[in-house]
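The values are calculated or read from the model by the stated rules, or taken from the named source; none is laboratory data. The structure presented is a predicted model; accordingly, all values stated were derived computationally and were not measured. Neighbour counts are summed over all protein chains in view; Cβ atoms, including those assigned to glycine, are modelled from backbone coordinates with ideal geometry.
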Amino acid sequence: MRSRTNATDISFYGFAESGTPLTTFVNIFGIPIVETKRGDRGRSPRLSQLDMNITHRVRFGSENKFTLAFDFNVLNVFNQNTPLAFAQNKTSGYWALDQTDVVASGDTVAATNILTSSGVLSQYAAVEPLICASATVCGVSVARSASFGHPLTWQDPRSIRFGLRFIF
């Protein structure tokens, strides 16, 4: 809407994205590696957002040299709350498969040879039930992260901003 002295602009910005692949990681020798294959747990939820902006400008002064601009801005108009990131490491902080878990000597080369010949996951699965957090608390529930598979971050909630600008 325009007149000689006033103008109103309305604009929208939106996007939609497919989810990202969710992959299970385990800690082997302190390094997170993919347990089976990328995307083994499917995909995160689709993400979309719509933002809106309204600006009204009022011109004044001799020959309309000055302008007051009133801004109204809404981010995430529909207040969507989509999870953005998930805990993907299955290994808890109590444990990571170490060289000594594979071979008694702790030799990195020997441990790597055993893992590559007999399979990383079979070694991991064999040791996982034996992990203990204390003398009485042991097992897979200790070795696995309690946050595994749970959301870590979410889409920002709706925010509304008002602004006033003086343009000369």
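Summary of values
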| read-out | value |
| --- | --- |
| Qualifying position, being among the small types (Gly, Ala, Ser), surrounded by 15 or more Cβ atoms within 10 Å (Cβ to Cβ), in contact (Cβ under 8 Å) with a residue 60 or more places away in the chain and touching a strand residue (DSSP E or B) at 6+ places or on another chain (Cβ under 8 Å), among Ala7, Ala69, Ala85 | Ala69 |
| Thr91 vs. criteria surrounded by 15 or more Cβ atoms within 10 Å (Cβ to Cβ) and either at pLDDT 90 or above or touching a Cys at 6+ places or on another chain (Cβ under 9 Å) (or both) | no |
| Filter pass, Val127 being part of a helix (DSSP H, G or I), farther than 21 Å from Phe25 by Cα and not assigned by TED's automatic domain parsing to the domain that holds Ser62 | no |
| Exclusive hit being of a type in the set (Val, Ile, Thr), out of contact with any Pro (no Cβ under 9 Å at 6 or more places or on another chain) and within 30 Å of Ile160 (Cα to Cα), set Thr23, Thr100, Thr55 | Thr55 |
| Test: residue in the stretch 39-48 that is within 30 Å of Val103 (Cβ to Cβ) and modelled with pLDDT under 95 | yes |
| Among residues of the stretch 116-168, those that are modelled with pLDDT of 90 or more, touching a Phe, Trp or Tyr at 6+ places or on another chain (Cβ under 7 Å) and within 13 Å of Ser92 (Cα to Cα), counted | 1 |
